[in-house]
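Reviewing the structure listed below.
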Amino acid sequence: IANAISLTIDTRMGQVTILDSHSPLITALKPCVAYIKYFDENNMPKREDFAIWWGILEVAGHNVKVLADMLMDIDEVDSDKASEAIKKAEEIMHKYKESTDKIDMEKFVEAKEMLMKSIAQLKLSELK
């Protein structure tokens with residue numbers, strides 16, 4: 001985004017805010033609600049929020065790159081679907097949490113990922 005002021009995003013090491021002339025950085029992202037602050041065409045400060053899934057953040061000079069499995073705008077979130085997905089993921093995780101079968105463990109991991117993704121979406125929808 002042109003005229004960006006800052007990007008605030010969660011990494012595996014904690015939350016970071018990237019400002020102009022930030023030190024070079026490459027770090028892993030975790031599911032979160034990230035936001036960017038910028039000046040619009042009328043030079044008014046604005047904020048845009050996004051749900052982010054796993055990914056990588058790269059900062060080099062005045063360039064910031066976010067490579068993520070999912071980036072969802074606040075207007076794209078369906079809170080009912082996200083709530084349903086959370087419930088389904090929790091049920092699956094409960095069903096397979098004690099299993100030692102490899103396929104069951106894979107289902108547990110997939111459910112956990114669905115849970116984290118849906119929580120990020122639900123947090124984003126709460127900002128509407």
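The values are calculated or read from the model by the stated rules, or taken from the named source; none is laboratory data. It should be emphasised that the depicted structure is a prediction, and the values quoted were computed from it without experimental measurement. Neighbour counts run over all protein chains shown; Cβ positions are idealised from the backbone, glycine included. For accessibility, only protein heavy atoms count, side chains too; no ligands or nucleic acids. Shrake-Rupley method; radii C 1.70, N 1.55, O 1.52, S 1.80 Å.
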query: Would it be correct to say that Thr8 is open to solvent by less than 30 Å² (accessible area, probe 1.4 Å) and more than 23 Å from Val77 (Cβ to Cβ)?
result: no
Going through region 37-53 in order, the residues found to be out of contact with any helix residue (DSSP H, G or I) (no Cβ under 9 Å at 6 or more places or on another chain) and either assigned to a strand (DSSP E or B) or open to solvent by less than 70 Å² (accessible area, probe 1.4 Å) (or both) are Lys37, Tyr38, Phe39, Asp40, Pro45, Lys46, Arg47
All-but-one check, Ile56 against (1) outside any loop (DSSP other than H, G, I, E, B); (2) at pLDDT below 85, failing number (2)
Inside region 59-78, the number of residues satisfying the requirement of being out of contact with any Pro (no Cβ under 8 Å at 6 or more places or on another chain), assigned to a strand (DSSP E or B) and surrounded by 16 or more Cβ atoms within 10 Å (Cβ to Cβ) is 4
